Amino acid sequence: MLIWERPEPAARSSLSPLSRDRIVRAAVGLADDDGLTAVSLRKVAAALDAGPMRLYRYVDTKEELLDLMVDAVYAEIPLPGPGEDDDGDGDEGDGGDWEERVRSLAHGLRAAALRHEWFADLLGGRPQFGPATLGHLEAVLAALRRAPGIDDDDPNALMRALQAVNGYVLGAVRHEIVETRVERESGQTERQWQAASGPYLRRLIATGRYPSLAHLVTRGGDQDAAAMFTAGLDVILTGLAAPARPGAGAGGQGT
């Protein structure tokens with residue numbers, strides 16, 4: 001039985017109080033300070049001044065603990081308030097504020113990941129079924145269903161849109177966190193790294209073998225991470241804002 005279906009054990013008054021919530025908060029604190037390698041049932045038990053065997057009454061495995069930690073971070077991400085369409089059928093006339101909802105959820109996930117860098121390491125792969133995780137997924141899907149580019153008659157249209165948005169958001173967040181870690185571990189900022197590698201890159205560009213790279217380097221302007229994240233997300237949303245073309249779904253003959 002998944003942990004989401006198992007009732008929490010009753011507290012024992014003779015011992016220091018434990019709960020899944022306390023266990024998860026302690027694990028999150030350890031991961032925030034020292035990364036996922038610092039998380040184990042033994043280390044969490046020590047942080048709570050409890051015997052490791054007591055934790056097994058609440059959590060069977062480390063994998064379950066990690067699932068609970070992920071769900072705790074998703075619970076920090078604000079969900080959009082109710083819109084004009086609350087009947088769940090995805091029909092809201094001209095689409096309403098679906099773009100702003102997707103933006104809000106994407107930026108909320110990015111902010112949560114920057115607060116808890118380890119969170120990005122646990123995203124992707126098989127779906128997770130925690131209530132907060134599913135609530136976030138439902139909010140994203142509900143917003144995407146209102147996009148003009150989603151054809152409800154195409155059973156795969158919503159999945160493709162979800163993959164496009166999630167693929168961008170998770171990739172961008174992971175890239176930003178990796179850059180943060182590299183900067184912290186190397187002691188060299190991105191600007192310092194660019195200055196050090198600049199002469200080599202300019203020599204390569206001067207060969208004429210990389211014209212598109214030259215265009216990007218010579219004409220591209222610096223943007224901070226938040227602005228880059230927003231701009232990339234806008235590219236995805238612009239595509240979803242275009243009305244769906246008849247027959248353009250999987251197996252269709254649209255052009």
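The values are calculated or read from the model by the stated rules, or taken from the named source; none is laboratory data. Computed from a prediction, not measured in an experiment: that's the story for all the values here. Don't worry about glycine lacking a Cβ; one is built from the backbone with ideal geometry, like all the others, and counts go over all protein chains shown. We work out accessible area using only protein heavy atoms, side chains counted, and drop any ligands, DNA or RNA first. Shrake-Rupley method; radii C 1.70, N 1.55, O 1.52, S 1.80 Å.
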### Query
Are any residues in region 109-135 within 11 Å of the chain's Cα centre (by Cα), open to solvent by 20 Å² or more (accessible area, probe 1.4 Å) and not acidic (Asp, Glu), and if so, which ones?
ARG110, ALA111, LEU114, LEU122, GLY124
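This table checks each residue for (1) open to solvent by 90 Å² or more (accessible area, probe 1.4 Å); (2) part of a helix (DSSP H, G or I); (3) at pLDDT 95 or above.
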| residue | (1), (2), (3) |
| --- | --- |
| VAL165 | no, yes, yes |
| TYR168 | no, yes, yes |
| GLN192 | yes, yes, no |
| TYR200 | yes, yes, no |
| LEU213 | no, yes, no |
### Query
Which residue out of LEU109, LEU18 is modelled with pLDDT under 95, touching a Phe, Trp or Tyr at 6+ places or on another chain (Cβ under 9 Å) and among the aliphatic types (A, V, I, L, M)?
LEU18
### Filter result for the condition that a residue is under 16 Å from LEU79 (Cβ atoms) and in contact with an Asp or Glu (Cβ under 6 Å, 6 or more places away or on another chain), over ALA157, ALA106, ALA112, ALA142
ALA112
## Note on the structure
Over region 44-81, the set of residues closer than 20 Å to LEU134 by Cβ, small (Gly, Ala, Ser) and part of a helix (DSSP H, G or I) is ALA72
